[in-house]
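Engineer: Supplied in structure tokens, the structure appears directly below.
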Amino acid sequence: MAKIDAFFKLLNEQGGSDLHLASGSPPILRIRGDLHRIKYKMLENDELKAMLYEIAPENKIKVFEETGDVDFGYEIPGLARYRANFFMQKNGVGAVFREIPSKILTAEQLGLPDIMTKLSMLPRGLVLVTGPTGSGKSTTLAAILDYANANRKDHIITVEDPIEFVHQSKGCLVNHREVGSHTKSFSTALKGALREDPDIILVGEMRDLETISLAIEAAMTGHLVMGTLHTISAPKTVDRIIEIFPTQQQPQVRATLADALRAVISQTMFKRIDIKGRCVAFEILVATPAVRNLIREGKTYQIPSSMQTGKKFGMKTLDDAIMELMQEGWIDPDEAYNKCVDKAKFKPFAKSAPADFTEVS
């Protein structure tokens, strides 16, 4: 057993999400969104480096020593997988590990809206799950893919950096590819995927123009493409995709995206106040003909209005989702106010001044 495994077991026992290790600091766990220091000595650089190198593949150590940054996956059988990131900082080496549960929770166990499992059965198109870092995007996407895996008879290819949730083939054949180990880049893997007879392609992160362009192309050529983006709302996701392209290409991209897009799920994480745990508010945008026209015409600012009137299609705005959680007594009104869009709507419920004073309405 590696020396560092003891910290992973403690993280798992405490129900934490992340383990932070940094030279000059004791180990720290993130539990329910907050950092908690472990009662342990300060980590010395050489001691921590030896601890980290014990679990890292040789090729990843080489990359880390050349660049000062590296990502990879680490697994403790029977416990969990971990997404590891090593980095250099002022006092020496540092690392952050995100726990990826070994058991994939189903859509039903997570309480996902019915529309999400319906999206997994689409024959083609682009489905995006977005939100800030740590909002549970990978967990949601894993549950959606798990439903497809159980209910379809197709070929699923995932491209991730690193591989997070591991899907065992059920009704589908599932092939996992890791950037850096099995393929050079997301874009290289996507180009190859189009020749590998896939039905569903999962892109772990759509972070650059080429990857986004290839994902849209794959969705337009008869594949169901699922991916994640770091955006804070469904309408902003559409803007982000279009704006990453050069200005002269944007009219064509709007038209192509309007045809390819099927849905955007944007999620925001909250602490539960009724029990220990966290919950998610889901903003759901479904690409109805009305929404497609707004994208083509460059009127994305009108998308929120279409979402308000599109509830029968499964659409929901972030504020409506937050209000439901607050009325259930699950989340604190102050946190609801801090994370909502329409501050005036939530202001009567807030008990204290907002954390972000720049957003006071």
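The values are calculated or read from the model by the stated rules, or taken from the named source; none is laboratory data. Just so it is clear, the model here is predicted, and its values are computed rather than measured. So basically every Cβ, Gly included, is an ideal-geometry build from the backbone, and we count neighbours across all protein chains shown.
Engineer: Please go through (1) hydrophobic (A, V, I, L, M, F, W, C); (2) over 24 Å from the mean Cα position of the chain (by Cα); (3) surrounded by fewer than 16 Cβ atoms within 10 Å (Cβ to Cβ) for Met51 and return the number of the only condition it doesn't satisfy.
Structural biologist: (3)
Engineer: Could you run through region 308-342 and say how many residues are surrounded by 18 or more Cβ atoms within 10 Å (Cβ to Cβ), among the β-branched types (Val, Ile, Thr) and farther than 15 Å from Val264 by Cα?
Structural biologist: 2
Engineer: Pairs please, first residue from region 7-21 and outside any helix (DSSP H, G or I), second anywhere and among the small types (Gly, Ala, Ser), Cβ atoms under 6 Å, 6+ apart in sequence or on different chains.
Structural biologist: Leu21/Ala95
Engineer: Kindly indicate which of Ala22, Ala2 is under 28 Å from Lys276 (Cβ atoms) and small (Gly, Ala, Ser).
Structural biologist: Ala22
Engineer: If you don't mind, there's one more thing I want to ask. Go through region 237-256 and give me each residue that's surrounded by 18 or more Cβ atoms within 10 Å (Cβ to Cβ) and in contact (Cβ under 8 Å) with a residue 60 or more places away in the chain.
Structural biologist: Of everything in region 237-256, those that are surrounded by 18 or more Cβ atoms within 10 Å (Cβ to Cβ) and in contact (Cβ under 8 Å) with a residue 60 or more places away in the chain turn out to be Thr237, Val238.
Engineer: Right, next: Return the total of residues in region 188-212 being within 18 Å of the chain's Cα centre (by Cα) and either free of Cβ contacts under 8 Å to residues at least 24 places away in the same chain or surrounded by fewer than 20 Cβ atoms within 10 Å (Cβ to Cβ) (or both).
Structural biologist: So the count comes out to 3.
Engineer: Please count how many residues of region 104-123 are in a helix (DSSP H, G or I) and out of contact with any helix residue (DSSP H, G or I) (no Cβ under 7 Å at 6 or more places or on another chain).
Structural biologist: 5
Engineer: Something else now. Could you list, in sequence order, the residues of region 221-233 that are at pLDDT 95 or above and among the aliphatic types (A, V, I, L, M)?
Structural biologist: Leu224, Val225, Met226
Engineer: Continuing with the same structure: Can you say whether Ser305 is on the phi < 0 side of the Ramachandran plot, among the hydroxyl-bearing types (Ser, Thr, Tyr) and surrounded by fewer than 15 Cβ atoms within 10 Å (Cβ to Cβ), as far as the supplied structure shows? It would help to see each step written out before you state the result.
Structural biologist: Numbers: on the phi < 0 side of the Ramachandran plot: yes; among the hydroxyl-bearing types (Ser, Thr, Tyr): yes; surrounded by fewer than 15 Cβ atoms within 10 Å (Cβ to Cβ): yes.
Yes, satisfied.
Engineer: Shifting gears a bit: Pick out the one residue from Ser169, Ser185, Ser135 that is under 29 Å from Phe313 (Cα atoms) and either buried (at least 22 other Cβ atoms within 10 Å of the Cβ) or not basic (Lys, Arg) (or both).
Structural biologist: Checking each option against the conditions leaves just Ser135.
Engineer: Consider region 213-254. How many of its residues are out of contact with any strand residue (DSSP E or B) (no Cβ under 6 Å at 6 or more places or on another chain) and outside any helix (DSSP H, G or I)?
Structural biologist: We begin by selecting, within region 213-254, every residue out of contact with any strand residue (DSSP E or B) (no Cβ under 6 Å at 6 or more places or on another chain); these are 213-214, 216-217, 220-222, 230, 232, 235-236, 238-254.
Those still in the list that are outside any helix (DSSP H, G or I) too: 221-222, 230, 232, 244-246.
Residues that pass the stated criteria total 7.
Engineer: Within region 24-54, restricting attention to residues that are in a loop (DSSP other than H, G, I, E, B) and out of contact with any Pro (no Cβ under 9 Å at 6 or more places or on another chain), which residue is nearest to Gly134 (Cα to Cα)?
Structural biologist: Gly33
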